[in-house]
1. Roughly how many Å is it from the Cα centre of segment A:143-209 to that of segment A:36-56, as a whole number?
2. Within chain B, what's the longest run with no trypsin sites (Lys or Arg not before Pro) in a DSSP loop and at most 16 other beta-carbon atoms within 10 Å? Give the range, please.
3. Compute the long axis of helix A:115-125 from its Cα atoms, compare it with the longest principal axis of the Cα atoms of chain A, and write down the angle in degrees, 0 to 90, nearest 10.
4. Between beta-carbons, use under 10 Å as the cut-off and find the net charge around A:Glu121, counting Lys and Arg +1, Asp and Glu -1.
5. Explain nothing, just compute: Karplus ³J(HN,Hα) = 6.51 cos²θ - 1.76 cosθ + 1.60, θ = phi - 60°, for every residue of segment B:177-193 in order, whole Hz, x for Gly and Pro.
6. Using the Cα centre of chain A as the reference point, and only Cβ charges (+1 on K/R, -1 on D/E), how large is the resulting charge dipole? Debye, rounded to the nearest 20.
7. I need two numbers for segment A:50-95: Rg to one decimal and Dmax as a whole number, Cα atoms only, in Å.
8. With no solvent and one equal point scatterer per Cα, compute the Debye intensity ratio I(q)/I(0) for the protein assembly as shown at 0.07, 0.08, 0.11 Å⁻¹ and report its log10, rounded to two decimals.
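FYI, it's all coordinate maths here, none of it is from the lab. Since the structure is predicted, the reported quantities are computational estimates derived from the model, not experimental observations. FYI the Cβ positions are ideal-geometry reconstructions off the backbone, even for glycines, and counts take in every protein chain you see.
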Amino acid sequence: MVDQAALESDQPLLTAKSLGKSFGRIAACRDVSFALYPGEVLAIVGESGSGKSTLLQMLSGQLAPSAGHVSYRMRDGVTRDLTTLGEAERRFLFRTDWGFVHQDPAQGLRMAVSAGANVGERLMAVGWNHYGRIRDTASDWLSRVEIDVARIDDAPRTYSGGMRQRLQIARNLVTEPRLVFMDEPTGGLDVSVQARLLDLVRSLVAELHLAVIIVTHDLAVARLLSHRVMVMKGGRVIETGLTDQVLDDPREPYTQLLVSSILPP
Amino acid sequence: MNAPAYNFAYLDEQTKRMIRRAILKAIAIPGYQVPFASREMPMPYGWGTGGVQVTAAILGPEDVLKVIDQGSDDTTNAISIRKFFAKTAGVATTTATNEATVIQTRHRIPETALHENQVLVYQVPIPEPLRFLEPRETETRRMHALAEYGLMHVKLYEDIARFGHIATAYAYPVKVNARYVMDPSPTPKFDNPKMDNCPALQLFGAGREKRIYAIPPYTQVVSLDFEDHPFEPYRFNAPCALCGAENSYLDEIVTDDKGGRMFVCSDTDYCEGRQATGHHGSLSAAPYKEKAHG
């Protein structure tokens, strides 16, 4: 499953170097380093409170790290430290080259405006000024995430949980980002809807050659989607490696516990 | 009347200086909402407390004041504000657009073209054009600072998706001097083109929201739109029933309970001016003697 061509040929897209974050005396995250390559899917797994979400927020530039730094290779090929980006640049990056899929779709969507406008918002934010083209692109994306195009003018609050999540994905992917952050994208969905969503994400990732950092406590999600896995506990990365390797042959006792706690299929 | 109990134009001089500083800043940054320490005025919020404070701050003894409310010189709001300044500042008042040097307005721009020696003061209820799209004030300020106006088009997109055309008929968002997106106060979008490259200074005061903003003379003001759904001013497709004007903004007046209605100019001064020079419409009465304003 590992995209060898991308791993070998390219430079890393995003690099984290000894990242740490402490809130007062509590160290939420300590000494995390890794590199993410284009087209690669990295899963960050661990129990609640292990520092996954803090790490994700630092990686996506929403939270300033207390130690270390994150650098990102921009579309123009220049690698830059996220902390040196101005707010305007960071926000621009966030709505063009990046995507962020929240666990709760209400955080990532505008619940009161139509699905079409939700998908079109990023396009309008980067200066698209032609209603017809925005709408065509929006309906194209709705069908790609398997939402009935007839519902383009309905507000997402009339959508089911699974549809909202798929809409959120469409909204993020419309500007063809290279890197998408996902925070428990399948949380709160029932199993069949989860399966469908994972299937969709997997095909989109392959099709668009997306790099994804996905935070999840669900090892099944990690196994289905990711090429590499990072296991976190108490704010540290305790084990990292190829997904199959980590999940089939876990070395750390904690990882062994995690793996053994999933019900066999 | 006894000795005046109030300072000239009601507000004390320090307050006027504070407001003038805000106005100067607003003129320097066209379309930018400048916070100011709005005062309690002897009228309720929503009746033009912002406009009144701006007017009070710029009014001089030589000024001639005109006040309109929805285009009309003789509604309660217009009359009471006009009387307020006649009493507290002793300035001359008028209903003729041409003669006025300061025009305070609620929701209209006069039909008669403005000239360089005039200041148009708008009463603004909600100065933030992004208000109903983004509830957080901190966020809207940031969006203005970074000129992130994609959201404004989301509103227009929603209009077209729902109604087939841009249905926003008033408070139609404009971009001032190619930088700030501004709410032109609830004027009908018919009036938007008049803001562009206007020779008069335009000041906007929002009393409850404590904001002042401005369009300096001869500033570019562009109504937002889509390439395939361009901005179109809206007007009822009828001539004025009293003066026959074909190009003025019309009010619809219901005349009976059987669907009868008439369309008349919302700008009363413009309409009366035309009638005085012999224009008449389908419902004009015989020449009418009484002077309209006292």
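1. Taking the Cα centre of segment A:36-56 as reference, the centre of segment A:143-209 is 19 Å away.
2. Value returned for the longest uninterrupted segment is B:1-130.
3. Once rounded, one gets 80 degrees.
4. Once positives and negatives cancel, what remains is +4.
5. 6, 6, 9, 8, 7, 10, 8, x, 6, x, 6, x, 5, 3, 7, 3, x
6. 720 debye
7. 10.8, 35
8. -0.56, -0.68, -0.99
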